[in-house]
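Asks: This is the structure I want to talk about, given as structure tokens.
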Amino acid sequence: MAGLEIIGVARSTYVWTCRIACVEKGVPYTHTRGWPGTPEMRALHPFGKIPAMRHGDLVLYESKAICTYIDRAFPGPKLIPEELVAGALVEQWISVVNTTIDPLCIRRYLYAHVFPGTPDGGPDQAAVQAALPGLREQLEFLDRSVAPTGHLVGGAFTLADANLLPILYYLARLPEAGAIMAGLPALTHYLTHHLARPSVAATEPPPPKGK
Ligand SMILES: N[C@@H](CCC(=O)N[C@@H](CS)C(=O)NCC(=O)O)C(=O)O
């Protein structure tokens with residue numbers, strides 16, 4: 001069977017999670033740049049989003065489905081534990097991050113900085129300020145959640161961590177979220193510690209152009 005390919009730009013949080021999964025499992029893979037909305041991505045994903053995956057004749061989209069496939073198709077440490085409760089908790093974390101934390105932290109707050117749509121290209125301050133109470137609530141919740149073991153589920157690195165870390169990486173680089181996180185020691189340690197993990201460090205996106 002042809003090798004595994006992850007398609008999407010490296011800066012996407014969801015692409016990053018899939019690449020972490022490949023490295024964690026020791027799966028050789030090719031990373032192909034693909035921009036959302038392009039004909040190339042629309043050929044792989046019905047809405048042109050990233051990531052997509054190719055493995056032989058199989059094309060998959062949705063990062064969770066891609067990572068689950070990688071976890072089941074290849075030997076190596078389980079990213080989604082087989083044990084009933086731990087496995088369910090990983091599913092819970094991925095779901096809450098993708099449906100509640102990503103929409104606020106990335107789509108509303110980070111996008112208000114990165115894609116502000118303001119006349120001068122500066123941050124959309126109204127959108128930033130409106131996101132802050134919820135952002136603080138979510139970050140404080142995450143701080144409490146990782147404090148006991150330094151992981152989201154049990155005492156080991158799982159897909160739940162691989163799914164959250166890219167989001168925290170970007171938040172820590174923005175002024176308001178960075179200031180909130182600086183006051184949350186468990187979350188700060190969690191991020192610093194796992195960014196040094198070989199699978200995460202090896203797949204860290206390049207800095208934006210001009211930096
Ligand atoms: N639920 C999808 C989300 C994919 C997604 O929204 N990707 C973003 C980049 S991080 C994207 O393609 N955005 C462009 C768009 O929505 O048109 C997954 O987990 O793969």
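The values are calculated or read from the model by the stated rules, or taken from the named source; none is laboratory data. These figures come from a predicted structure and were not determined experimentally. All Cβ positions, glycine included, derive from the backbone under ideal geometry; neighbour counts span all protein chains shown. The protein model used for the area step is the full one, side chains on, heavy atoms only, and it has no ligands, DNA or RNA in it. Shrake-Rupley method; radii C 1.70, N 1.55, O 1.52, S 1.80 Å.
Asks: Restricting to the stretch 127-150, name every residue that is open to solvent by 30 Å² or more (accessible area, probe 1.4 Å) and part of a loop (DSSP other than H, G, I, E, B).
Replies: ALA147, PRO148, THR149 - these are the residues of the stretch 127-150 that are open to solvent by 30 Å² or more (accessible area, probe 1.4 Å) and part of a loop (DSSP other than H, G, I, E, B).
Asks: Can you tell me which of ASP102, ASP57, ASP71 is acidic (Asp, Glu) and away from the ligand (no atom under 16 Å from the Cβ)? It would help to see each step written out before you state the result.
Replies: Values: ASP102 fails: away from the ligand (no atom under 16 Å from the Cβ); ASP71 fails: away from the ligand (no atom under 16 Å from the Cβ).
Answer to the check: ASP57.
Asks: Next question. For the stretch 20-30, state whether one or more residues are surrounded by 13 or more Cβ atoms within 10 Å (Cβ to Cβ), at pLDDT 95 or above and within 14 Å of the ligand (Cβ to nearest atom). Steps first, answer last, please.
Replies: Of the residues in the stretch 20-30, the ones surrounded by 13 or more Cβ atoms within 10 Å (Cβ to Cβ) are 20-25, 27, 29.
Filter once more, keeping what is at pLDDT 95 or above: 20-25, 27, 29.
Filter again for within 14 Å of the ligand (Cβ to nearest atom), leaving 20-21.
For the stretch 20-30, residues surrounded by 13 or more Cβ atoms within 10 Å (Cβ to Cβ), at pLDDT 95 or above and within 14 Å of the ligand (Cβ to nearest atom): present.
Asks: Follow-up question, since we're still on this one. Are any residues in the stretch 1-19 assigned to a strand (DSSP E or B) and open to solvent by less than 30 Å² (accessible area, probe 1.4 Å), and if so, which ones? Reasoning before the result, please.
Replies: If we filter the stretch 1-19 for residues that are assigned to a strand (DSSP E or B), which is where we start, we get 4-7.
If the condition is that a residue be assigned to a strand (DSSP E or B) and open to solvent by less than 30 Å² (accessible area, probe 1.4 Å), then LEU4, ILE6, ILE7 are the ones that fit.
Asks: A follow-up question, please. Looking at the stretch 42-52, which of the residues that are within 10 Å of the ligand (Cβ to nearest atom) and closer than 18 Å to CYS22 by Cβ is most open to solvent (accessible area, probe 1.4 Å)?
Replies: As a first pass, look at the stretch 42-52 and keep what is within 10 Å of the ligand (Cβ to nearest atom): 45, 47-52.
Imposing the further condition that a residue be closer than 18 Å to CYS22 by Cβ reduces the set to 50-52.
Numbers: ILE50: 28, PRO51: 4, ALA52: 0 Å².
Of everything passing the filter in the stretch 42-52, ILE50 is most open to solvent (accessible area, probe 1.4 Å).
Asks: Let me ask something additional. What are the residues in the stretch 155-174 that are open to solvent by less than 10 Å² (accessible area, probe 1.4 Å) and not in a helix (DSSP H, G or I), if any?
Replies: THR158, the sole residue that qualifies.
Asks: Within the stretch 34-52, identify whether any single residue is in contact with a Ser or Thr (Cβ under 7 Å, 6 or more places away or on another chain), closer than 20 Å to PRO208 by Cα and outside the structural domain of LEU168 (by TED's automatic domain parsing), and answer yes or no.
Replies: yes
Conditions (1) under 25 Å from SER63 (Cβ atoms); (2) modelled with pLDDT of 95 or more; (3) β-branched (Val, Ile, Thr), marked per residue:
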site: ASN98; (1), (2), (3): yes, yes, no
site: ASP120; (1), (2), (3): no, no, no
site: ILE167; (1), (2), (3): yes, yes, yes
site: GLU176; (1), (2), (3): no, yes, no
site: MET181; (1), (2), (3): yes, yes, no
site: THR203; (1), (2), (3): yes, yes, yes
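Asks: Next question. Return the pair list, or none, for Cβ contacts closer than 6 Å from residues in the stretch 44-55 that are on the phi > 0 side of the Ramachandran plot to residues that are of a type outside the set (A, V, I, L, M, F, W, C) and within 8 Å of the ligand (Cβ to nearest atom), at least 6 apart or on different chains.
Replies: GLY48/PRO36; GLY48/GLY37
Asks: Working only within the stretch 111-123, note down all residues that are open to solvent by 20 Å² or more (accessible area, probe 1.4 Å) and hydrophobic (A, V, I, L, M, F, W, C).
Replies: Within the stretch 111-123, VAL114, PHE115 meet the criteria.
Asks: Exactly one of these conditions fails for ASN98: (1) outside any helix (DSSP H, G or I); (2) open to solvent by 10 Å² or more (accessible area, probe 1.4 Å). Give me its number.
Replies: Of (1) outside any helix (DSSP H, G or I); (2) open to solvent by 10 Å² or more (accessible area, probe 1.4 Å), only one is false for ASN98: (1).
Asks: A further question on this structure: Picking from ALA182, ALA186, which residue would you name as being in the same structural domain as ALA127 (by TED's automatic domain parsing), aliphatic (A, V, I, L, M), surrounded by fewer than 19 Cβ atoms within 10 Å (Cβ to Cβ) and free of Cβ contacts under 8 Å to residues at least 24 places away in the same chain? Quick ask: steps written out before the conclusion?
Replies: Working: ALA186 fails: free of Cβ contacts under 8 Å to residues at least 24 places away in the same chain.
Just one listed residue meets the conditions, ALA182.
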